[in-house]
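Student: Following this message is one structure expressed as structure tokens.
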Amino acid sequence: MPRTADALWNELSVQLTPLSAVALDCVGITFMDSIGLQTVMRAHRHTAEQQAFFALIGFNAYVDRVLELTGMTEVVARFADVRMSARPPSARAYAPCRCSSSTLF
């Protein structure tokens, strides 16, 4: 499981392929700083380039606070759980990316 933003990006970048759908589980995160936000935004931008779907799953006070402070709550798709998320078009399947580490930096 990724423990740093670089490790998370390495895992996400492999999964964010054209027309893919990746859900990042945020439940276990207890700290997120600007580097963690940068990684989430990098994944978001990469998703647009790949015509893919990227969402944060599991509302989390730490992640939500960073997104709110930076005005990103309307930019990054967020859902309570995978079942609540909107299904992407066609036969895309979610590739869950669990971040079990307590920090994302």
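The values are calculated or read from the model by the stated rules, or taken from the named source; none is laboratory data. Just so it is clear, the structure is predicted and the values come from calculations on it, not from any experiment. Positions of Cβ are generated from backbone atoms using ideal geometry, with glycine treated the same way; all protein chains shown enter the neighbour counts.
Student: Tell me the strands (runs of 3 or more DSSP E) entirely within the range 13-89 that contain at least 1 residues that are among the basic types (Lys, Arg). Don't jump to the end; show me each part of the working.
Tutor: Working: elements: 21-25, 53-57, 77-79.
Answer list for the range 13-89: 77-79.
Student: Another question, then. Restricting to the range 13-28, what's the tally of residues that are touching a strand residue (DSSP E or B) at 6+ places or on another chain (Cβ under 7 Å) and more than 15 Å from ASP81 (Cα to Cα)?
Tutor: Taking the range 13-28 and keeping what is touching a strand residue (DSSP E or B) at 6+ places or on another chain (Cβ under 7 Å), we get 15-16, 20-26.
Subsequent filtering for residues that are more than 15 Å from ASP81 (Cα to Cα) retains 15-16, 20.
Qualifying residue count, the range 13-28: 3.
Student: Could you identify the single residue in ALA48, ALA55 that is surrounded by 15 or more Cβ atoms within 10 Å (Cβ to Cβ), within 19 Å of SER13 (Cβ to Cβ) and at pLDDT 55 or above?
Tutor: Numbers: ALA48 fails: surrounded by 15 or more Cβ atoms within 10 Å (Cβ to Cβ).
After applying the criteria, what remains is ALA55.
Student: While we're looking at this one, here's another question. Please state which one of VAL76, VAL63, VAL40 is in contact with a His (Cβ under 9 Å, 6 or more places away or on another chain), under 12 Å from LEU24 (Cα atoms), modelled with pLDDT of 85 or more and of a type outside the set (S, T, N, Q).
Tutor: On the way: VAL63 fails: in contact with a His (Cβ under 9 Å, 6 or more places away or on another chain); VAL40 fails: in contact with a His (Cβ under 9 Å, 6 or more places away or on another chain).
Only one candidate qualifies: VAL76.
Student: Could I ask something else about it? When only residues in the range 18-31 that are under 17 Å from ARG45 (Cβ atoms) and loosely packed, with under 14 Cβ neighbours inside 10 Å count, which is modelled with the lowest pLDDT?
Tutor: Only one residue tops the list, namely LEU19.
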